[in-house]
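To keep things clear, I will list the structure first and then write my remarks on it.
None of the figures in this text is laboratory data; all of them are computed from the coordinates on show. Note that the structure is a prediction, hence the values are computed from the model and not measured. Cβ placement follows ideal geometry from the backbone for every residue including glycine, while neighbour counts extend to all protein chains displayed.
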Amino acid sequence: MKREIVHTDKAPKAIGPYSQAIRADSLIFAAGQTGLDPATGDLVPGGLEEQTHQVLKNLRNVLEAAGSSFEKVVKTTVFLRDMNDFAKMNAIYASYFGENPPARTTVAVAGLPKNGLVEIEAVALV
């Protein structure tokens, strides 16, 4: 099995000892993306909606750098700091994944890096 580290400047640099994604043969394991602006390393201004859009832009850029896309995502995990934000996040998420969305798990967490409101990780095909 071939293991390749994936990196793109179009997504935030890792803020810890992890890779943006790992390509293992025909699978991509994308690390969780938060609402960080890749240029500044800071959370985008605004609230849950703005952060969710940025999360998905960051995730799309990582997937593309790995040779994949949202259409090839098979599983995501969404981490929300407040489950009361589920409906807002869900509407934005749906606009990125279309008619045939991947399997998904959504969980509430006590906190996220840099005090973010949402984080999404993905597994995709190449």
- Item | Scan of the range 12-24 for residues that are buried (at least 16 other Cβ atoms within 10 Å of the Cβ) and assigned to a strand (DSSP E or B), ordered by number | Ala21, Ile22, Arg23
- without any contact (Cβ under 8 Å) to a residue 24 or more places away in the chain and not acidic (Asp, Glu): does that describe Ala65? no
- Look at Asp85 and say whether it is among the charged types (D, E, K, R) and surrounded by fewer than 13 Cβ atoms within 10 Å (Cβ to Cβ). no
- Can you work out which of the residues in the range 105-126 that are under 12 Å from the mean Cα position of the chain (by Cα) and not hydrophobic (A, V, I, L, M, F, W, C) is surrounded by the fewest Cβ atoms within 10 Å (Cβ to Cβ)? Glu121
- Sort out which residues of the range 18-60 are on the phi > 0 side of the Ramachandran plot and of a type in the set (Gly, Ala, Ser), and write them in order of number. Gly41, Gly46
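Just a yes or no: is a residue in the range 86-94 assigned to a loop (DSSP other than H, G, I, E, B) and touching a residue at least 24 places away in the same chain (Cβ under 8 Å)?
As a first pass, look at the range 86-94 and keep what is assigned to a loop (DSSP other than H, G, I, E, B): none.
No, the range 86-94 contains no residue that is assigned to a loop (DSSP other than H, G, I, E, B) and touching a residue at least 24 places away in the same chain (Cβ under 8 Å).
For residues in the range 25-59 being polar (S, T, N, Q) and part of a helix (DSSP H, G or I), which is nearest to Pro113 (Cα to Cα)?
Taking the range 25-59 and keeping what is polar (S, T, N, Q), we get 26, 33-34, 40, 51-52, 54, 58.
Next, from what is left, pick out any that are part of a helix (DSSP H, G or I): 51-52, 54, 58.
Numbers: Gln51: 13, Thr52: 14, Gln54: 15, Asn58: 15 Å.
Ranking the candidates gives Gln51 first.
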- Message: For the range 25-47, give me the residue count where each residue is exposed (fewer than 14 other Cβ atoms within 10 Å of the Cβ) and free of Cβ contacts under 8 Å to residues at least 24 places away in the same chain.
- Response: 4
- Could you pull out the residue among Asn84, Asn115, Asn100 that is over 27 Å from Arg3 (Cβ atoms), polar (S, T, N, Q) and in contact with an Asp or Glu (Cβ under 9 Å, 6 or more places away or on another chain)? Asn100
